[in-house]
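The structure appears below as structure tokens.
The values are calculated or read from the model by the stated rules, or taken from the named source; none is laboratory data. Keep in mind that what you see is a predicted model, and the values were worked out from it rather than measured. Every residue, glycine among them, receives a Cβ derived from its backbone with ideal geometry; neighbour counts consider all protein chains shown.
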Amino acid sequence: MQTIQAVRGMNDVLPDQSPLWEYFENTVRDWLADYGYRNMRMPVLEKTDLFVRSIGEVTDIVEKEMYTFVDQLNGESLTLRPEGTASCVRAAIQHSLLYTGPCRVFYSGPMFRHERPQKGRFRQFHQVGVEALGFGGPDVDAEHMVMGARLWKRLGLEDVSLEINTLGDSESRARYRDRLVGYLESRNDELDEDSRRRLRKNPLRVLDSKNPAMKEIVAQAPRLLDDLGEASLESFARLQSLLTAANVPFTINPRLVRGLDYYNDAVYEWTTMRLGAQGTVCAGGRYDGLFAQIGGKPAPACGFAMGIERLLALMTDAGCKPSPQAPDVYVVHSGEAASQFAWMAAEAFRDAGLAVILHCGGGSFKSQMKRADNSGARFAAIIGEDEVQSEQVSLKPLREAGDQKMLTLERAARLVSEPAR
């Protein structure tokens, strides 16, 4: 019978890999709490129309990458979420999260895109999303970028650079659209098939082309910055001023448009050269029109998402190797009576707040002690006939000098609880 393996591009996280994930998740949780962000959790499955309306019909994600299927029970089109912002805004509208005022939220979990798996890019990948709902810019936009800079320091990451741009308001983009269409039509014979199709439906998406053959054409295209209105220019200047005051270096990238239709005004990416072509580790921007776009009352908002797998790859490259948490005590025992007492002893240690591994599966004292040592435990609690009769345990230090002692469970727990010398 053929062995069943995981779906291509959807990876297992094994026990030896989990400490890095847990370290990252704990660091992120503390970092977000420092800025007043609260956790929310949304379904991984949504109605397809949510993503078509929000991300944009003429985008790589909607056209090529979504896992979409028809519900056999009611014929409804459903999609595994390819990103989290649309789901977050849908939940905010459905549950009236802004009824009492703006809110700061975050979420984390798996996203799904049918892409060609490669380094830093998987079909099931994980993100942390951070959203400020009901807040106008640019001060919250700047705060999000400052937050990113602080997180990279906490994670020990270097060589992560910030690129910023502005997409302006709808009037600015309309002026720019006319100039861009004229330019692209003048070079129509040089456009690839995707760009010709997008030229008819959403010409700004041409600037997001991943085709290397389009690089020169995109580089010579008109700049959106040249069509910004006064309000957009002032907002972008204020954003730059706030970043400079916070000592966060940045580069203005006038070709940065992001791959989602819902953005306006400030957009940005944190990038690195250490991951090859998949160099973006965190990205986001302002999406003031998204609430109305998917059926809610208009509300300003902004946010960003970071790719966990890409950041973990950077952390590994930087030498971050958290060790799994070792137990305080490994309980070794031999014989039926000792086995029963060992169960009671293990629970007594846990009642005292200690982490305990109870040996299972039999074996000699020698083999069990070898496992105790390999577990990383500070102490082995040894239980044989003598210990059962006296209702005590023999406590042996495994990580520091000291003699083996026979003690009551209470005294043993107290000794283990003392800080290591």
Which fully enclosed strands (runs of 3 or more DSSP E) of the stretch 278-370 have 3 or more residues being closer than 28 Å to residue 170 by Cα and either modelled with pLDDT under 95 or in the same structural domain as residue 89 (by TED's automatic domain parsing) (or both)?
280-286, 301-307
Tell me, which residue of the stretch 57-96 that is buried (at least 21 other Cβ atoms within 10 Å of the Cβ) and under 15 Å from residue 295 (Cα atoms) is nearest to the chain's Cα centre (by Cα)?
85
Can you spot a residue in the stretch 143-156 that is among the aromatic types (Phe, Trp, Tyr) and modelled with pLDDT under 95?
no
Looking at 173, 179, 154, which one is in contact with an Asp or Glu (Cβ under 9 Å, 6 or more places away or on another chain), of a type in the set (Lys, Arg) and under 30 Å from residue 23 (Cα atoms)?
154
Residues in the stretch 404-418: is at least one among the small types (Gly, Ala, Ser), assigned by TED's automatic domain parsing to the domain that holds residue 338 and outside any helix (DSSP H, G or I)?
no
Across the stretch 208-237, the tally of residues that are buried (at least 16 other Cβ atoms within 10 Å of the Cβ) and part of a helix (DSSP H, G or I) stands at 10
Cβ pairs under 6 Å, 6+ apart, first in the stretch 148-160 and assigned by TED's automatic domain parsing to the domain that holds residue 28, second of a type in the set (Val, Ile, Thr):
149/248; 152/160; 154/27; 159/272; 160/272
Of all residues in the stretch 171-207, count the ones that are among the small types (Gly, Ala, Ser) and surrounded by 13 or more Cβ atoms within 10 Å (Cβ to Cβ).
2
Restricting to the stretch 283-335, and then to whatever is farther than 30 Å from residue 15 by Cβ and basic (Lys, Arg), can you tell me which residue is surrounded by the most Cβ atoms within 10 Å (Cβ to Cβ)?
286
Does the stretch 97-119 contain at least one residue that is closer than 21 Å to residue 292 by Cβ and free of Cβ contacts under 8 Å to residues at least 12 places away in the same chain?
yes
Tell me, yes or no, whether the stretch 3-15 has at least one residue that is touching a Lys or Arg at 6+ places or on another chain (Cβ under 8 Å), surrounded by 11 or more Cβ atoms within 10 Å (Cβ to Cβ) and either within 30 Å of residue 143 (Cα to Cα) or among the small types (Gly, Ala, Ser) (or both).
yes
